[in-house]
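This report refers to the structure that appears directly beneath it.
The values are calculated or read from the model by the stated rules, or taken from the named source; none is laboratory data. Keep in mind that what you see is a predicted model, and the values were worked out from it rather than measured. Note: ideal-geometry Cβ built from the backbone for every residue, glycine included; neighbour counts use all protein chains shown.
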Amino acid sequence: MTAPKVLVIEDDSLLAFEMQDILSEAGYEIVGPAATVAKALQLIESQDIHAAFVDCNLHGEYATAIVQALTAKNIPFVVVTGSERESLPPEFNNGVFARKPFSAVHLLEIARTLLSGIQL
């Protein structure tokens, strides 16, 4: 069986590394991480991704184009943010919401939920 590919989009390199470590130890194949909107969009177009964790604000730029691209390709995603859900653009409502900081257990629960209906 092929490991599910999870795209990590996070501009905080320490948090991106932590997410990568947690997810890869659980058996997921990590794509990225991407710290910019442009890099994330390139990975979405060039890789076969099963799910994505998306920081909503990348170096001051909202990740709206990223969530639009994920939605267009029917790739489930979780919005990872320190902001309140109500303060985000409406495009972000298509994803699961996870508030920073989060635990490894919570991160893995979200990953399992996102990928529960995926056929590999």
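Of the conditions (1) of a type outside the set (D, E, K, R); (2) at pLDDT 95 or above; (3) in a loop (DSSP other than H, G, I, E, B), ILE30 fails just one. Which one is it?
It is condition (3) that ILE30 fails.
Restricting attention to the stretch 106-120, and to residues there that are more than 16 Å from ILE22 (Cα to Cα) and touching a residue at least 60 places away in the same chain (Cβ under 8 Å), which single residue is surrounded by the most Cβ atoms within 10 Å (Cβ to Cβ)?
Applying the filter and picking the extreme gives ILE118.
Please name all residue pairs, on different chains or six or more residues apart, with Cβ atoms under 7 Å, provided the first residue is in the stretch 73-98 and is in contact (Cβ under 8 Å) with a residue 24 or more places away in the chain and assigned to a loop (DSSP other than H, G, I, E, B) and the second residue is of a type in the set (D, E, K, R) and surrounded by fewer than 12 Cβ atoms within 10 Å (Cβ to Cβ).
none
If you check HIS59, HIS50, which single one turns out to be of a type outside the set (Asp, Glu) and touching a helix residue (DSSP H, G or I) at 6+ places or on another chain (Cβ under 7 Å)? Break it down into steps so the answer makes sense when it comes.
On the way: HIS59 fails: touching a helix residue (DSSP H, G or I) at 6+ places or on another chain (Cβ under 7 Å).
Answer to the check: HIS50.
Answer with yes or no whether ILE22 is under 15 Å from ALA3 (Cα atoms) and either in a helix (DSSP H, G or I) or basic (Lys, Arg) (or both).
So ILE22 fits the description; yes.
Looking only at the stretch 34-72, which residues are of a type in the set (Ser, Thr, Tyr) and not in a helix (DSSP H, G or I)?
Within the stretch 34-72, the first condition is being of a type in the set (Ser, Thr, Tyr), and the residues that meet it are 36, 46, 62, 64, 71.
Result: THR36, TYR62.
Within the stretch 75-105, which residues are exposed (fewer than 14 other Cβ atoms within 10 Å of the Cβ) and touching a helix residue (DSSP H, G or I) at 6+ places or on another chain (Cβ under 7 Å)?
The answer is PRO89, ASN94.
Any chance you could count how many residues in the stretch 50-74 are more than 24 Å from SER103 (Cβ to Cβ) and surrounded by fewer than 22 Cβ atoms within 10 Å (Cβ to Cβ)?
Total satisfying the criteria: 12.
What residue, among those in the stretch 1-19 that are among the hydrophobic types (A, V, I, L, M, F, W, C) and assigned to a strand (DSSP E or B), is farthest from LEU108 (Cα to Cα)? Talk me through it step by step, then tell me what you get.
Keep residues of the stretch 1-19 that are among the hydrophobic types (A, V, I, L, M, F, W, C), which gives 1, 3, 6-9, 14-17, 19.
Among the residues that remain, those that are also assigned to a strand (DSSP E or B) are: 6-9.
Details: VAL6: 12, LEU7: 14, VAL8: 13, ILE9: 16 Å.
This residue is ILE9.
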